[in-house]
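Shown next, in C-alpha cells, is the structure this report addresses.
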Amino acid sequence: MLRLLRSAIAGAALLATPAQAQSLYRWAQYVPGGLEARAVTRDDQCPQARIDKRATPMRVRAERTDAFPVLVCALTIPRGAKALEIDGEALPLPKARANHILVLGDTGCRVTRLVNQSCNDPADWPFAAGAKTEAGTAPDVIVHVGDMLYREKPCRPFNGGCADTPNGDNWAAWESDFFAPGKPLLQAAPIVMVRGNHEICARGGKGWSRLLDPYPLVSASGCLSPGAPFAVDLGGLSLVVMDVSAASDGSWRDNQLARYRSQFQSLGKLAPEGPIWLAMHRPVRAAAAAALGLMIGPNKLLARASDSAMPGRVSAILSGHIHTFQALGFETLPVQLVSGHSGAELHWTAPNDVKGLVMEEATVISGIGHSGVHGFVTLTREGADADVWRVENRDFSGKRLNLCRMAKRKLDCEPQ
C-alpha cells in the first residue's frame, strides 16, 4: 500500500510540475544577420531548446489571439553552432557550402469566390505528398519563393472537393494550407521564406508577420510592411532575399520605382564578393501566357527598376508567382527560374517553347518551360565553381521532367 501511495504521489508531482511545452511545428529559418529557430505551440510557454547540448530559452515572438490561438516562439542561432534541438528533436543546421538547394513556391490550395480547388483531393492539391518527396531529396537549403496561403474564401456549398476547409488569415487556414502538409520540409533543412503577394497585409499578411516574416514582429496584432533585402551565405554564393510582394505587375507609382531601383542598387553592398542569386516571389521576366502577340507575365515595374541597377554579379533569379516551371536565359540578363508549380492550381497557358519570346525588350535566347504538372526544382552545384549548377524540374513522384545547366548567366537546357 505504501509503495502504491508513493507511486501515486510521484505521478501527481509529475502532473503538477510545469509541463515542458510541446511544439506543433519547429524549423530553422534564415533571417537578416543569420539563422533563427522558430516554433509554434498551443501551450502557454515556449518549448525547450538546446544549442550544442546547452539549454537555451526561446522567446515569445507572437502571443496568442482569437484568430491565432497559438504561441509563436523564436531563438537566435549563433554562428558556428553545431547542433540544435527543440523538444528533444534535432533540426538540421546550415552547411558551410550548400551544394543541393530545393526551390518550391505557390504551394497553397486556391479557394476563392470563383475558383474552388479540391483541397481534399491529393490528385488536385498534391502539396502534402509532394512535401514528403521534396524532403526526401535531402536538400542542404530550402527556398520557398512565396504564396503559402490560398484559402481566402469559404468553399461553395455542396462542393465536396473543398468542403469544410478553413479560410481567411487565421491559424486554421495557415495550418491547413502550409504547416501541416509542409511539416516534412520544415524538418528537412534550414529554410528561406520569401513573401508572396498572397502574404501582403490585405490577404494573409497577419499570419505571415506572426509566423514566417524574417524580421522581428513589432505588434502581435499587426502586419509588417515589406522588409529590406538581406543576404544568405550559401558558401561562395550569396542568396539575397527581396520582398517584392507589393510590386504591381502593370502600372506603378514613381515612389515604387525608386524604392525597388534603390534595392537593386544595394545588392553589391549586401553581398560584397562572389556571385549573387536573388530570391523574390514575382519574376522580373517570365510568361504566364503568350498569344496573339500579347505577353502576359513579365513585371514591368521590376524590369524597369532592375535593368539599370542590377549588378553584373547577379547571375540568377529564383521566383514563383506564375504557376508553372520555366528556365529562361537572356543575352546579358540573369537567368530567370520559375518554380511556382508546387500546389496551387496550374497555369496551363504558360508556354513550354520559350526561346525567342520577347519580354520587356529582352529576348529569351535559351530555356524551357513545362506547364500543367505540379512539382519542384532542385539545384545541384557542379564542381568547385560557386556559380555552375545543374537545374532539375521534377514532378511530385520525384521523376525528372527537365534538365538544364546554369553557369554565370548562361543557360543550356535539354529538349523535352
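The values are calculated or read from the model by the stated rules, or taken from the named source; none is laboratory data. Everything numeric here is computed off the predicted structure, so don't read it as measured data. Cβ placement follows ideal geometry from the backbone for every residue including glycine, while neighbour counts extend to all protein chains displayed.
Results for (1) under 18 Å from Met280 (Cα atoms); (2) free of Cβ contacts under 8 Å to residues at least 40 places away in the same chain, shown as yes or no for each residue.
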| residue | (1), (2) |
| --- | --- |
| Val358 | no, no |
| Ile365 | no, yes |
| Val377 | yes, no |
| Gly383 | no, yes |
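Would you call Leu318 assigned to a loop (DSSP other than H, G, I, E, B) and within 15 Å of Leu278 (Cα to Cα)? Give the steps one after another, and end with the answer.
Numbers: assigned to a loop (DSSP other than H, G, I, E, B): no; within 15 Å of Leu278 (Cα to Cα): yes.
It is false that Leu318 is assigned to a loop (DSSP other than H, G, I, E, B) and within 15 Å of Leu278 (Cα to Cα).
Restricting the stretch 360-412 to residues that are hydroxyl-bearing (Ser, Thr, Tyr) and in a strand (DSSP E or B) leaves a set whose member that is nearest to the chain's Cα centre (by Cα) is Thr378. Against the numbered list (1) within 30 Å of Asp121 (Cα to Cα); (2) in contact (Cβ under 8 Å) with a residue 40 or more places away in the chain, Trp348 comes up short only at (2).
Under the condition of being of a type outside the set (D, E, K, R), in contact with a strand residue (DSSP E or B) (Cβ under 6 Å, 6 or more places away or on another chain) and in a loop (DSSP other than H, G, I, E, B), which residue from the stretch 75-108 is farthest from Val232 (Cα to Cα)?
Here is the first cut: in the stretch 75-108, the ones of a type outside the set (D, E, K, R) are 75-78, 80-81, 83-84, 86, 88, 90-94, 96, 98-105, 107-108.
Next cut, in contact with a strand residue (DSSP E or B) (Cβ under 6 Å, 6 or more places away or on another chain) only: 75-77, 81, 84, 86, 91, 93, 98-105.
Then drop every residue that is not in a loop (DSSP other than H, G, I, E, B), which leaves 81, 93, 98-99, 105.
Details: Ala81: 16, Leu93: 13, Ala98: 11, Asn99: 14, Gly105: 18 Å.
Looking at the filtered set, the residue picked out is Gly105.
Any residue at all in the stretch 150-164 that is assigned by TED's automatic domain parsing to the domain that holds Val192, within 17 Å of the chain's Cα centre (by Cα) and assigned to a loop (DSSP other than H, G, I, E, B)? Yes, the stretch 150-164 has at least one match.
For the structure I just gave you, tell me whether Phe396 is surrounded by 14 or more Cβ atoms within 10 Å (Cβ to Cβ), under 21 Å from Trp277 (Cα atoms) and not acidic (Asp, Glu). So Phe396 fails the test.
In the set (1) modelled with pLDDT of 95 or more; (2) touching a Gly at 6+ places or on another chain (Cβ under 6 Å), the condition left unmet by Arg400 is number (2). If you go through the stretch 205-223 one residue at a time, do you hit one that is within 24 Å of Lys300 (Cα to Cα), hydrophobic (A, V, I, L, M, F, W, C) and out of contact with any strand residue (DSSP E or B) (no Cβ under 8 Å at 6 or more places or on another chain)? No, the stretch 205-223 contains no residue that is within 24 Å of Lys300 (Cα to Cα), hydrophobic (A, V, I, L, M, F, W, C) and out of contact with any strand residue (DSSP E or B) (no Cβ under 8 Å at 6 or more places or on another chain). For the stretch 254-300, the strands (runs of 3 or more DSSP E) that sit wholly inside it and include 1 or more residues that are out of contact with any Lys or Arg (no Cβ under 8 Å at 6 or more places or on another chain), surrounded by fewer than 16 Cβ atoms within 10 Å (Cβ to Cβ) and of a type outside the set (Ser, Thr, Tyr) are 289-291, 294-296.
Over 25 Å from Thr107 (Cβ atoms) and in a loop (DSSP other than H, G, I, E, B): is that true of Pro214 in this structure?
Taking the combined requirement at face value, the residue does not satisfy it.
Taking the stretch 61-90, which residues are surrounded by 14 or more Cβ atoms within 10 Å (Cβ to Cβ) and small (Gly, Ala, Ser)? Step through it out loud before you land on a result.
Of the stretch 61-90, the ones surrounded by 14 or more Cβ atoms within 10 Å (Cβ to Cβ) are 61-62, 64-65, 67-68, 70-77, 81, 84-87.
Correct list: Ala62, Ala67, Ala74, Ala81.
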